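The values are calculated or read from the model by the stated rules, or taken from the named source; none is laboratory data. Please read these numbers as outputs of a predicted model, since none were measured by experiment. Here the Cβ positions follow ideal geometry from the backbone for every residue, glycine too, while neighbour counts run over all protein chains shown.
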Amino acid sequence: MIVSDITEFAALLPPYRPVFGLDLGDKTIGVAVSDLSRTVATPIEVIRREKFTIDAQRLLVLLADRKAAGLILGLPLNMDGSEGPRVQSTKAFARNLEKLTDLPIGFWDERLSTVAAERALLEADTSRKRRREVIDQVAAGYILQGALDRMRVLGGP
């Protein structure tokens, strides 16, 4: 089920199960997961994109292994807040994924998440090669952390 409002998304989540966050790119999907109390987001993996069915299968395995409660997709809005082709692509991915899982799927504004991830990796003195390898999963962590922080303000575990 796709929900457009983070309040509605939070209300659908059973307690003490993690939420996943995704940073969808053309070539990769960054994946992050929360702890059971949904306080901290941790980057866990980068999925190299092939075909939707292959990518979705890997994602569904991760969701099942960790008994996920829901899924947040980064929504790549333009800097002025408008929707471009990447937003349409993300929404299409969500619609296709919705056919394969009953988990609630929500969106979170991902503007500047990659910039923040890059800055954090630079501050950690991460090599250029290593930054390229992990940037998408770190960006997924930033996306998920933003959603978790908002849900905590709304008052849910």
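Would you say T53 is exposed (fewer than 15 other Cβ atoms within 10 Å of the Cβ) and closer than 14 Å to I143 by Cα? It is false that T53 is exposed (fewer than 15 other Cβ atoms within 10 Å of the Cβ) and closer than 14 Å to I143 by Cα.
Cβ separations smaller than 9 Å between residues 6+ apart or across chains give the following pairs from segment 41-68 residues that are closer than 10 Å to V31 by Cβ to residues that are of a type in the set (K, R) and part of a helix (DSSP H, G or I): E45/R58; I47/R58.
Inside segment 82-133, residues that are at pLDDT 65 or above, more than 19 Å from Q145 (Cβ to Cβ) and in a helix (DSSP H, G or I) make up a count of 15. For D102, the conditions (1) in contact (Cβ under 8 Å) with a residue 60 or more places away in the chain; (2) surrounded by 13 or more Cβ atoms within 10 Å (Cβ to Cβ); (3) acidic (D, E) all hold with the exception of (2). Filter segment 28-48 for residues that are part of a strand (DSSP E or B) and of a type in the set (S, T, Y); which is modelled with the highest pLDDT? Once the filter is applied, the top-ranked residue is S34. What are the pairs with Cβ atoms under 9 angstrom where one residue, in segment 4-27, is under 25 Å from Q137 (Cβ atoms) and assigned to a helix (DSSP H, G or I) and the other, located anywhere, is at pLDDT below 90 and not basic (K, R)? Sequence gap at least six, or different chains. Matching pairs, first to second residue: I6/L154; A10/L154; A10/G155; A10/G156. Checking the stated criteria, L73 turns out not to satisfy the condition of being assigned to a helix (DSSP H, G or I), touching a residue at least 24 places away in the same chain (Cβ under 8 Å) and crowded, with 20+ Cβ neighbours inside 10 Å. Any residue at all in segment 71-79 that is out of contact with any Pro (no Cβ under 7 Å at 6 or more places or on another chain) and farther than 28 Å from A11 by Cβ? Within segment 71-79 (the criterion being out of contact with any Pro (no Cβ under 7 Å at 6 or more places or on another chain) and farther than 28 Å from A11 by Cβ), the answer is yes, since at least one residue qualifies.
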